[in-house]
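Student: I'd like to ask some things about the structure below.
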There are 2 protein chains.
Amino acid sequence: MRLIQSHTDYAVRAILFIAASEKEMVSSADLEAELDLPRPFMRRIMQDLQKAGILKSLRGYQGGFQLAKAPAEIFLMDLIELFQGGLDLTECIFRKKVCPNCKTCPIRRRVKKIENYVLRELQGINLAVLMQEK
Amino acid sequence: MRLIQSHTDYAVRAILFIAASEKEMVSSADLEAELDLPRPFMRRIMQDLQKAGILKSLRGYQGGFQLAKAPAEIFLMDLIELFQGGLDLTECIFRKKVCPNCKTCPIRRRVKKIENYVLRELQGINLAVLMQEK
DNA sequence: GACAAATGGTACCTATCTGGTATCATTACT
DNA sequence: AGTAATGATACCAGATAGGTACCATTTGTC
Ligand code: FES
Ligand code: FES
């Protein structure tokens with residue numbers, strides 16, 4: 001079970017690379033070379049980041065992506081939200097149905113506490129922090 | 001993403017029920033009635049618990065299951081280990097391959113810290129604790 | 001205007017994981 | 001012998017994650 005999934009991880013790397021790049025515009029081709037990923041896959045991630053307002057894009061010749069926000073304003077949690085639909089560690093085991101046991105679920109409260117900690121930690125991480133410690 | 005999966009959750013409920021039961025031996029039929037689960041499915045979980053030495057079983061007429069350990073000696077983490085193969089929140093995103101980025105992975109360290117906390121919390125939970133707070 | 005270089009959008013595929021079923025063999029008591 | 005229980009194991013199905021394919025659109029250069 002992974003806390004951080006591929007899309008999120010790739011997004012982080014991509015953003016860090018763009019942030020560190022000299023270029024005005026970074027293209028998918030550049031990212032492919034740097035991150036060693038299939039370009040179509042990378043592109044989809046970039047598009048999602050663009051839609052989310054994290055990147056700005058320019059089409060056509062010499063086009064590409066650049067940051068739309070300062071690294072310090074991009075939070076890991078945003079990316080998790082975007083690519084993983086957020087975190088819900090206590091998601092009830094009775095999918096689709098209303099849980100008949102939530103009230104009596106012996107572990108729910110405990111897991112909720114853990115989840116709170118995890119969220120607090122994650123919310124403290126932004127991309128500027130990750131840049132430094134790399 | 002669920003921290004606790006169905007098998008684990010059911011196992012907890014089953015064990016708590018057996019622990020609270022007056023009967024010498026609790027059968028799958030009893031559990032089915034109590035937990036409202038398909039019996040074959042429940043049975044497989046019970047068998048796994050038996051193999052793991054958490055339950056003792058008796059076959060044949062009036063057979064069933066009973067605890068092989070005191071609730072205080074059964075840890076939630078054991079069940080997670082048993083049914084979910086443990087927890088590895090930092091599992092590298094590059095499956096099957098050796099990760100070429102682990103050294104430079106910007107989020108690995110952070111997630112590792114979170115994982116440590118989660119493990120510590122989970123390791124402190126045993127079934128006796130869960131019985132009380134229910 | 002034609003062409004090439006780039007992204008936008010969307011539908012689809014595939015492997016793995018999770019949850020659950022089915023079947024038959026074995027044991028134990030009456 | 002018969003019945004009530006577990007042991008063992010193979011199988012199936014839906015959901016999720018990871019990844020691909022395809023075509024449309026925009027932008028700059030010649
Ligand atoms: S089952 Fe609904 S919360 Fe544990
Ligand atoms: S990729 Fe191997 S740890 Fe982040």
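The values are calculated or read from the model by the stated rules, or taken from the named source; none is laboratory data. This structure is a prediction, so every number in the text was calculated from the model and none was measured. When we count neighbours, we look across all protein chains shown, and the Cβ atoms used for this are built from the backbone with ideal geometry, even at glycine.
Student: Cβ contacts < 6 Å: first residue within 7 Å of chain B (Cβ to nearest Cβ), restricted to region A:102-118; second residue surrounded by 12 or more Cβ atoms within 10 Å (Cβ to Cβ) and of a type in the set (S, T, N, Q), any location; separation 6+ or different chain. Result?
Tutor: A:Val111/A:Thr90
Student: Take region B:48-65 and flag every residue that is more than 15 Å from B:Ala29 (Cβ to Cβ) and either within 14 Å of chain A (Cβ to nearest Cβ) or within 14 Å of DNA strand C (Cβ to nearest atom) (or both).
Tutor: Those that are more than 15 Å from B:Ala29 (Cβ to Cβ) and either within 14 Å of chain A (Cβ to nearest Cβ) or within 14 Å of DNA strand C (Cβ to nearest atom) (or both): B:Asp48, B:Gln50, B:Lys56.
For every residue, the table says whether it meets (1) in contact with a Ser or Thr (Cβ under 7 Å, 6 or more places away or on another chain); (2) farther than 30 Å from B:Leu130 by Cβ; (3) more than 16 Å from ligand 2 (Cβ to nearest atom).
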{"residue": "A:Gln50", "(1), (2), (3)": "yes, yes, yes"}
{"residue": "A:Gly53", "(1), (2), (3)": "no, yes, yes"}
{"residue": "A:Leu58", "(1), (2), (3)": "no, yes, yes"}
{"residue": "A:Gly85", "(1), (2), (3)": "no, no, yes"}
{"residue": "A:Gln123", "(1), (2), (3)": "no, no, yes"}
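Student: Restricting the search to region A:21-47, which residues are within 13 Å of chain B (Cβ to nearest Cβ) and over 18 Å from the mean Cα position of the chain (by Cα)?
Tutor: A:Glu34, A:Asp36
Student: May I ask you to list the residues in region A:1-22 that are free of Cβ contacts under 8 Å to residues at least 60 places away in the same chain, closer than 30 Å to B:Gly86 by Cβ and not in a loop (DSSP other than H, G, I, E, B)?
Tutor: A:Ser6, A:Asp9, A:Tyr10, A:Arg13
Student: Let me ask something else about it. Can you tell me which of B:Leu82, B:Leu16, B:Leu67, B:Leu37 is in contact with a His (Cβ under 9 Å, 6 or more places away or on another chain) and surrounded by 14 or more Cβ atoms within 10 Å (Cβ to Cβ)?
Tutor: Only one candidate qualifies: B:Leu82.
Student: Next up: For A:Asp9, state whether it is crowded, with 16+ Cβ neighbours inside 10 Å and near DNA strand C (Cβ under 9 Å from one of its atoms).
Tutor: No, not satisfied.
Student: Still on this structure, please answer the following. Here are the criteria: (1) more than 10 Å from every other protein chain (Cβ to nearest Cβ); (2) modelled with pLDDT under 95. Tell me which single one A:Glu91 does not satisfy.
Tutor: Going through (1) more than 10 Å from every other protein chain (Cβ to nearest Cβ); (2) modelled with pLDDT under 95 one by one, A:Glu91 breaks only (1).
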